[in-house]
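The structure under discussion appears below in the form of structure tokens.
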Amino acid sequence: MNNKLQSLENNQIWLYFISLLLGAVSSVFLKDLTNDFSVIISPAIAVLLFNMFAQIPFLEMKKAFSNLPYFIALLIGNFIFVPIAVWTLLQIVDFNSYIAFSIALVLLSPCIDYVIVFTKLGRGNEALMLVSTPILLVLQLLLLPLYMYLFFNNELSSLLQFAPLFKAFLWMIVIPMAFAFALQVTAKSFKLPSTLLKQTAWLPVPLMAAVLFTILATQLPTISEHFGEIKMVIPIFVLFLIIAPLIGKFLSVLFRLPSSTSRTLAFSLSTRNSLVVLPIALALPGQWAIIAAAVIVTQTIIELIGELIYVKIIPKLFQ
């Protein structure tokens, strides 16, 4: 890998925190300007995901799927154990329906973007995480309405309308993934796609930083306005950061996964898909969108802090 690209990837965590800090400052001192940024959140995430997908070796995925124990543990962990843990956490505090719905929305969705970065930094198998992302994406978007129906009554689950969910899935997942796949296929025969594919390797880090800046700059005022309600979610998100790796440890022992693979599983179970579910949250009606977006951004901030701890602890816990 190019040394400059390697240096960029090695220092990207600090770049993300600088972006969050600048976003926070901008939300205070450039409020009128940053209010207009909210319209670019979804397109910016779609472009980011396209570049993430471009790094996924789609043409070599068949080889990766030979690691059957890992994929079974991944699916059981993310779509059975984690939902049980989330439901249990929601019983701890008497949240109002707005807050509980928002917590479930973000914690039920496994991450498919910066989890790859932290997996690498935490001595996991980032290539294995890369090829896991399409499966996690499709399943979480298919199962999310079902989880919401099981967790909440019909009135609440109906808020997660199929049309906005399908629209978000189409424009943010299907189309970017299709372009990335087409780029990889044509890169073997044509120079231009090959050149473009190489350039995409440079873009995920600055695009992630730009997206984090935009999200915090536009959503921090909402967090501040509703902090009295939102502050109660912080212990829940911290507890999740503690519980999720323990689920990963249990499944790793059960399926006898090697160290690097078990670390990969732990990062997947612990890291949530806030960037993808945010546009879904913003598509909710009225006050629901405001609260959901604020809760999701709060989770992102707490999670990024947790990831810095993970990269030190998980390699020791999963030896």
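The values are calculated or read from the model by the stated rules, or taken from the named source; none is laboratory data. No experiment lies behind these values; they were computed from the predicted model shown. Cβ placement follows ideal geometry from the backbone for every residue including glycine, while neighbour counts extend to all protein chains displayed. We work out accessible area using only protein heavy atoms, side chains counted, and drop any ligands, DNA or RNA first. Shrake-Rupley method; radii C 1.70, N 1.55, O 1.52, S 1.80 Å.
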Residues to consider are F53, F95, F81, F71; find the one that is modelled with pLDDT under 80, surrounded by 15 or more Cβ atoms within 10 Å (Cβ to Cβ) and part of a helix (DSSP H, G or I). F53
Within the stretch 221-239, track down each residue that is at pLDDT 80 or above and closer than 15 Å to S274 by Cβ. I230, V233, I234, I236, F237
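One line per residue, one yes/no per condition, for (1) of a type outside the set (V, I, T); (2) under 17 Å from the mean Cα position of the chain (by Cα); (3) farther than 30 Å from S27 by Cα:
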residue: I280; (1), (2), (3): no, yes, no
residue: A283; (1), (2), (3): yes, no, no
residue: Q287; (1), (2), (3): yes, no, no
residue: E303; (1), (2), (3): yes, yes, no
Sole exception among (1) surrounded by fewer than 22 Cβ atoms within 10 Å (Cβ to Cβ); (2) in a helix (DSSP H, G or I) for F101, by number: (1)
Take the stretch 278-292 and flag every residue that is surrounded by fewer than 24 Cβ atoms within 10 Å (Cβ to Cβ) and in a helix (DSSP H, G or I). P279, L282, G286, Q287, W288, A289, I290, I291
The stretch 229-259 - residue that is crowded, with 18+ Cβ neighbours inside 10 Å and among the small types (G, A, S) and, of those, farthest from the chain's Cα centre (by Cα): S252
Could you count how many residues in the stretch 8-22 are buried (at least 19 other Cβ atoms within 10 Å of the Cβ) and either modelled with pLDDT of 85 or more or outside any helix (DSSP H, G or I) (or both)? 1
Just one of L144, L130, L139 is within 25 Å of T222 (Cβ to Cβ) and either under 15 Å from the mean Cα position of the chain (by Cα) or assigned to a helix (DSSP H, G or I) (or both); which is it? L144
Search result, residues across the stretch 201-228 that are surrounded by fewer than 19 Cβ atoms within 10 Å (Cβ to Cβ) and closer than 23 Å to F50 by Cα: A201, W202, L203, P206, A210
Within the stretch 109-127, count every residue that is open to solvent by 40 Å² or more (accessible area, probe 1.4 Å) and either assigned to a helix (DSSP H, G or I) or within 19 Å of L278 (Cα to Cα) (or both). 4
Just one of (1) under 22 Å from I84 (Cβ atoms); (2) free of Cβ contacts under 8 Å to residues at least 40 places away in the same chain trips up S252, so point out which. (2)
